[in-house]
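Right, one structure below, let's go through it.
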Amino acid sequence: MPIFQSLFDIIGPVMVGPSSSHTAGAVRIGLAARSIFGEHPEEVNITLYGSFAHTYKGHGTDLALIAGLLGFSTESVEIKKAYEVAAKRGMKVQLYTSDELTEHPNTVTLCMRKGERALCVTGISTGGGMIDITDIDGFDVHVSCDEPVVLVFHQDRPGLIAAVSSVLAKEDVNISQMEVSRKERGEIALMLLATDIEIPECAMRAIEAIPDIGPIVYLSALKRDADALESQLEG
């Protein structure tokens, strides 16, 4: 028997669109990808797999993904005008479909570029508007974005994970989930930390000061961030 953590798990999110998995989930994947990239991309290549590839036109999955990349929330009326808004904001979008088999039918890869910077994010829509980010530039992860998450790129060496954990412990920040992914031993690795509360700014600065720490991406609740960004853009 399934266990529901909240009413949201049963009825899904407030949203524009015919499908929570193909529309609301797609918006949230776009939002997550934009947050991980950290800025407005100039170019985005979207590759749809499985059910996404077969039904995206009827469900507006492409519109939803682009809307999320633009910073719109799941209930935004701007979703239907996503291509038009993207063009006005200088974001070039290329859409592709693939017959490649994936573990989940609602899978998409978003490759974003601005200048010399490029980053690819793969996510799946698991139903009811819920998502799972499964790959960030070749690093295997699992990010739902339903709680505060910090992504820390770092040198793979002994003691570094303990140093980051110690910083959070000093600020009474409890770690609810931890994952570490690496491509090669001793090379660049990616640490994922989900926490029960927002991470204080002083803790973030302390983590940044640890030797061999690289770029840090801090993700908090997607809807709140989307609402703030959308309000800023409208203003």
Considering only the stretch 72-83, I want to know if a residue exists there that is under 13 Å from the mean Cα position of the chain (by Cα), aliphatic (A, V, I, L, M) and more than 16 Å from I136 (Cα to Cα). no
Among residues of the stretch 108-158 being part of a strand (DSSP E or B) and among the small types (G, A, S), the residue farthest from M191 (Cα to Cα) is G127
Give me the pairs, please: first residue somewhere in the stretch 102-119 and farther than 15 Å from V27 by Cα, second residue anywhere and polar (S, T, N, Q) and modelled with pLDDT under 95, beta-carbon distance under 8 Å, and either six or more positions apart or on two chains. H104/T126; P105/S51
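Among the listed residues G30, G38, G17, G12, identify the single one that is at pLDDT 90 or above and either buried (at least 16 other Cβ atoms within 10 Å of the Cβ) or of a type outside the set (K, R) (or both).
G30 is the lone residue from the list that is at pLDDT 90 or above and either buried (at least 16 other Cβ atoms within 10 Å of the Cβ) or of a type outside the set (K, R) (or both).
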Restricting to the stretch 121-139, and then to whatever is more than 11 Å from the chain's Cα centre (by Cα) and not β-branched (V, I, T), can you tell me which residue is surrounded by the most Cβ atoms within 10 Å (Cβ to Cβ)? S125
I'd like to check something: does the stretch 34-45 contain any residue that is in contact with a Pro (Cβ under 9 Å, 6 or more places away or on another chain) and of a type in the set (K, R)? yes
Restricting attention to the stretch 140-163, which residues are within 22 Å of the chain's Cα centre (by Cα) and farther than 16 Å from V121 by Cα? D146, E147, P148, H154
Looking at (1) surrounded by fewer than 16 Cβ atoms within 10 Å (Cβ to Cβ); (2) touching a His at 6+ places or on another chain (Cβ under 9 Å), can you tell me which one A87 breaks? (2)
Go through D172, D156 for me and flag whichever is more than 27 Å from L48 (Cβ to Cβ), among the charged types (D, E, K, R) and crowded, with 17+ Cβ neighbours inside 10 Å. D156
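The values are calculated or read from the model by the stated rules, or taken from the named source; none is laboratory data. Here the structure is a predicted model, which means the values were calculated and not measured. Cβ: placed from backbone, ideal geometry, glycine included. Neighbour counts: every protein chain shown.
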